[in-house]
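Okay, structure first, notes after.
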Amino acid sequence: MTAAGTSRRQFITGSLLFSAAFAGYHAWGRRPWAEPPPSGELPGPQGTTLVAAFAVMLEDDAAAARAAAELDASLDADQLEQLGLALKVLEFAPAGPLTSTRFSRMDRARQTEVIRAWEASRLGVRRQIAATLRQAARFIHFSQPSTWAAMGYDGPWVGK
Amino acid sequence: MRTLKVQDVIVGSGAAGGVLAHRLSRAGRSVALVEEGPEVSKADFTQREDQMYALLHRDAGGQATVDGGVAVLQGRCLGGSTTVNMGDCVPITDGVIDHWRQHFGWGDWGGISNADIHAAAAAVQADMGAGPIPEDMVNKANDLLRQGAGSLGMAGEILHHNRVGCIGAGYCTIGCAYDAKRGTLVAHIPAAREAGCELLCDALVDRVILDGSRAVGVEGPGFRVDAERVFLCAGAIHTCGILHRSGHSSDAVGANLSLQPQAPLVAIFPEEVRFFRGVPQSYAVVEDLTSDADHGLGGFTLEGVSTGPALASSMIPGTMAELIALMSRYAHMAASLCLVPDRPGGRVVWGDRPRPTIKYTPSDDHQRRLRAAIKAASRCYLAAGAERVIGPAAGCPEMRSEADLAAIDTMSMRSSDLPMISAHPQGSCRMAPDAFNSVVDMDFRVRGVDGVWLCDASIFPTTASTHTMVPVMSMAHLLAQQVLS
């Protein structure tokens with residue numbers, strides 16, 4: 001038993017309900033994504049989260065925007081839905097369901113802390129989201145010819 | 001709606017489907033070959049990673065286990081994974097076949113002897129012009145691995161491949177723009193088409209059409225193929241999906257999945273290596289690879305490998321600043337894959353979504369052998385003169401001397417920390433005489449339905465080989481012999 005005669009089970013249940021309600025308020029109460037997403041691309045707010053996450057991964061805003069646009073254009077509807085879900089979690093619960101600040105509104109230093117924490121998190125889903133975003137950002141970035149010369153990579157032979 | 005009526009419809013144009021189409025159509029059967037991915041040819045292969053992974057690989061190379069720990073690479077184009085593999089030809093060993101005979105009920109397999117299986121392997125390798133990689137095509141990166149292994153007294157071997165007229169551009173995994181790599185795209189499908197085989201590309205088979213308990217064809221969005229016989233060859237992940245969507249309810253569908261995960265390891269040398277040129281995979285350290293009737297394939301092997309900058313950068317841990325510094329030495333890199341045969345224990349689950357859930361957790365034994373493999377590869381590179389070896393897992397320090405290798409013993413093996421690759425998913429629709437635990441009987445027939453044969457890597461009871469192309473093709477060759485007789 002805990003204070004005021006509340007059982008441990010009631011306390012845990014109450015906490016979970018509160019957390020769920022709080023997360024729900026943040027995720028849906030403000031209706032940030034009430035507009036249906038345009039076909040074939042992430043809706044604006046999710047796209048903003050993606051660019052912000054990629055900017056942390058690539059440490060370069062312009063490269064992040066390019067990579068996010070490339071990724072956006074390459075995914076089908078099912079993949080976009082899954083990515084959108086992952087970005088929702090990152091956006092509205094960057095440090096757990098009780099976080100009051102959305103990821104995209106944090107400053108870069110704080111965003112970087114969040115991403116680092118997710119990469120090392122004990123929660124597998126957080127590690128997976130962070131790892132997937134990191135791999136995608138890097139793959140897209142280093143597939144651009146503008147990055148090749150610095151690596152000593154002379155690019156495709158076809159057409160030469 | 002495109003409709004076809006043929007005697008045999010083959011789903012999937014990879015190692016099994018391509019060989020079957022070749023054999024059956026050249027024997028005079030009317031055949032349709034249905035491929036989910038696009039029709040491609042060498043003219044389409046731009047050697048750009050961003051374009052080619054999207055065009056040729058399933059999910060642009062993004063298919064992965066549910067925890068994201070293992071990227072499951074499969075081709076999704078004409079020729080299937082044989083269009084995007086490294087071209088290695090490694091037949092099933094006697095040890096593995098005997099393991100299946102003794103432990104999985106394959107017994108005498110209706111009179112098919114080990115010699116018959118080896119003959120099948122020889123036949124499909126002959127189709128592809130396969131043979132040992134010439135010494136002058138062993139690139140510097142592979143040679144450094146060989147030098148290191150040699151100085152440590154570790155046994156190794158030159159691999160066999162299916163390249164004829166290779167110029168060493170190094171883009172095998174994103175399509176050979178020279179038709180030198182002779183996967184089914186080059187070695188089998190053109191001849192099948194010449195013999196009258198109909199080809200349907202961009203055609204996702206939704207389900208097998210049943211008339212009672214008998215299959216009468218397949219269908220998908222915009223097409224239907226009526227056939228007397230249906231051959232499922234869509235690979236260990238997606239054949240399960242076709243069976244699921246066709247109402248096959250056996251719990252054995254999707255079970256016993258092996259992924260044979262491989263961990264990549266990168267070393268930096270003082271001199272330029274340019275590992276991205278030449279045959280990517282020409283040498284393997286096989287000192288610790290085992291194969292016997294009691295255990296099947298075990299131990300580990302280390303294989304030289306190369307990749308373009310995009311894939312390489314996505315697999316290397318560390319911050320972006322660290323990565324940029326490291327990638328500035330890209331031309332000095334050598335890399336290997338630490339390949340560790342596993343035991344069947346994963347599962348492919350298909351639900352209502354268009355993609356499967358691939359459940360897979362490496363066993364403790366697998367992780368133990370993987371650590372040993374990573375350590376052995378690191379030791380080889382240091383012995384060959386590497387200035388440093390990059391720890392494959394997040395948080396693992398660079399290794400510059402033997403003393404640093406102790407870090408491997410304690411490095412994180414969590415799926416998110418240690419990125420792994422599987423190019424050899426196997427075993428999700430096991431072939432065995434035991435009806436309870438298998439999907440396919442010993443004649444390649446899917447249980448519970450007439451007129452459906454299954455032949456791809458999903459039928460193997462355990463991991464068949466370190467490279468599955470030739471084992472799968474061998475099975476297709478044997479199946480073709482069986483149905484044509």
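Just to confirm my filter: which strands (runs of 3 or more DSSP E) fall fully inside region B:162-257 and include at least 3 residues that are touching a Lys or Arg at 6+ places or on another chain (Cβ under 9 Å) and within 28 Å of B:ASN437 (Cβ to Cβ)?
Strands (runs of 3 or more DSSP E) meeting the threshold: B:207-211.
Inspect all residues belonging to region B:97-109 and state whether any of them is within 20 Å of the chain's Cα centre (by Cα), farther than 28 Å from B:CYS197 by Cα and in a loop (DSSP other than H, G, I, E, B).
No, because not a single residue in region B:97-109 is within 20 Å of the chain's Cα centre (by Cα), farther than 28 Å from B:CYS197 by Cα and in a loop (DSSP other than H, G, I, E, B).
Determine, yes or no, whether A:LEU98 is in contact with a helix residue (DSSP H, G or I) (Cβ under 9 Å, 6 or more places away or on another chain) and buried (at least 20 other Cβ atoms within 10 Å of the Cβ).
No: the conditions fail for A:LEU98.
Across region B:37-69, what is the number of residues that are assigned to a helix (DSSP H, G or I), facing another protein chain (nearest Cβ under 8 Å) and either basic (Lys, Arg) or free of Cβ contacts under 8 Å to residues at least 40 places away in the same chain (or both)?
The total comes to 2.
Restrict the check to region A:52-59 and report whether at least one residue is surrounded by fewer than 16 Cβ atoms within 10 Å (Cβ to Cβ), more than 8 Å from every other protein chain (Cβ to nearest Cβ) and over 20 Å from B:ALA54 (Cβ atoms).
Within region A:52-59 (the criterion being surrounded by fewer than 16 Cβ atoms within 10 Å (Cβ to Cβ), more than 8 Å from every other protein chain (Cβ to nearest Cβ) and over 20 Å from B:ALA54 (Cβ atoms)), the answer is no, since none of the residues qualifies.
Answer yes or no: is there a residue in region B:274-288 that is at pLDDT 95 or above, over 21 Å from B:ASN142 (Cα atoms) and either in a strand (DSSP E or B) or charged (D, E, K, R) (or both).
no
Is one or more of the residues making up region B:113-128 small (Gly, Ala, Ser), in contact (Cβ under 8 Å) with a residue 60 or more places away in the chain and outside any helix (DSSP H, G or I)?
No, that holds for no residue.
Residues checked against (1) more than 21 Å from B:SER416 (Cα to Cα); (2) at the interface with chain B (Cβ under 10 Å from one of its Cβ atoms); (3) touching a strand residue (DSSP E or B) at 6+ places or on another chain (Cβ under 6 Å):
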{"position": "A:THR48", "(1), (2), (3)": "yes, no, no"}
{"position": "A:ARG105", "(1), (2), (3)": "yes, no, no"}
{"position": "A:ALA109", "(1), (2), (3)": "yes, no, no"}
{"position": "A:ALA120", "(1), (2), (3)": "no, yes, no"}
{"position": "A:ALA150", "(1), (2), (3)": "yes, yes, no"}
{"position": "A:GLY155", "(1), (2), (3)": "yes, yes, no"}
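Hey, among the residues in region B:227-264 that are in contact with a Cys (Cβ under 6 Å, 6 or more places away or on another chain) and aliphatic (A, V, I, L, M), which one's nearest to B:VAL349 (Cα to Cα)?
Out of the qualifying residues, it is B:VAL253.
Within the set of pairs 6 or more residues apart or between chains, which connect a residue that is under 11 Å from B:ALA383 (Cα atoms) and of a type outside the set (A, V, I, L, M) inside region B:147-169 to a residue that is modelled with pLDDT of 95 or more and in a helix (DSSP H, G or I) with Cβ atoms less than 7 Å apart?
So the pair list comes out as B:GLY148/B:CYS380; B:GLY148/B:TYR381; B:GLY148/B:ALA383; B:SER151/B:ALA383.
Could you tell me how many of the residues in region B:277-314 are touching a helix residue (DSSP H, G or I) at 6+ places or on another chain (Cβ under 8 Å), among the hydrophobic types (A, V, I, L, M, F, W, C) and either over 18 Å from B:ALA423 (Cα atoms) or within 14 Å of chain A (Cβ to nearest Cβ) (or both)?
Here the count works out to 5.
Anything in region A:126-146 that is within 7 Å of chain B (Cβ to nearest Cβ), closer than 16 Å to A:ASP60 by Cβ and part of a helix (DSSP H, G or I)? List them, or say none.
The answer is A:ARG138, A:PHE139, A:ILE140, A:PHE142.
Only one residue in B:GLY129, B:GLY61, B:GLY87, B:GLY69 is crowded, with 22+ Cβ neighbours inside 10 Å and farther than 24 Å from B:THR462 by Cα, so which one is that?
Answer to the selection: B:GLY61.
Considering only residues that are in a loop (DSSP other than H, G, I, E, B) and polar (S, T, N, Q), look in region B:1-36 and name the one that is farthest from B:ILE174 (Cα to Cα).
B:SER30
Residue by residue through region B:327-370, note down the ones that are of a type in the set (A, V, I, L, M, F, W, C), surrounded by fewer than 21 Cβ atoms within 10 Å (Cβ to Cβ) and not in a strand (DSSP E or B).
B:ALA331, B:TRP350
If I go through region A:60-81 residue by residue, how many of them are surrounded by fewer than 20 Cβ atoms within 10 Å (Cβ to Cβ) and either assigned to a loop (DSSP other than H, G, I, E, B) or of a type in the set (Ser, Thr, Tyr) (or both)?
Summing the residues that are surrounded by fewer than 20 Cβ atoms within 10 Å (Cβ to Cβ) and either assigned to a loop (DSSP other than H, G, I, E, B) or of a type in the set (Ser, Thr, Tyr) (or both) in region A:60-81 gives 3.
Regarding B:ALA406, is this residue over 29 Å from B:ALA64 (Cα atoms) and in a helix (DSSP H, G or I)?
Judged against the criteria, B:ALA406 is a match.
Quick one: would you say A:GLY84 is touching a residue at least 12 places away in the same chain (Cβ under 8 Å), within 26 Å of B:MET315 (Cβ to Cβ) and either surrounded by 14 or more Cβ atoms within 10 Å (Cβ to Cβ) or polar (S, T, N, Q) (or both)?
Here the answer is yes, as A:GLY84 does meet what is asked.
B:GLY110 is checked against (1) closer than 29 Å to B:ASP434 by Cα; (2) touching a Lys or Arg at 6+ places or on another chain (Cβ under 9 Å); (3) not charged (D, E, K, R) and fails just one. What number does that condition carry?
Among (1) closer than 29 Å to B:ASP434 by Cα; (2) touching a Lys or Arg at 6+ places or on another chain (Cβ under 9 Å); (3) not charged (D, E, K, R), the lone unmet condition for B:GLY110 is (2).
The values are calculated or read from the model by the stated rules, or taken from the named source; none is laboratory data. From a predicted model like this one, the values you see are computed outputs, not experimental measurements. Heads up, the Cβs are rebuilt from the backbone with ideal geometry, glycines too, and the neighbour counts pull from every protein chain shown.
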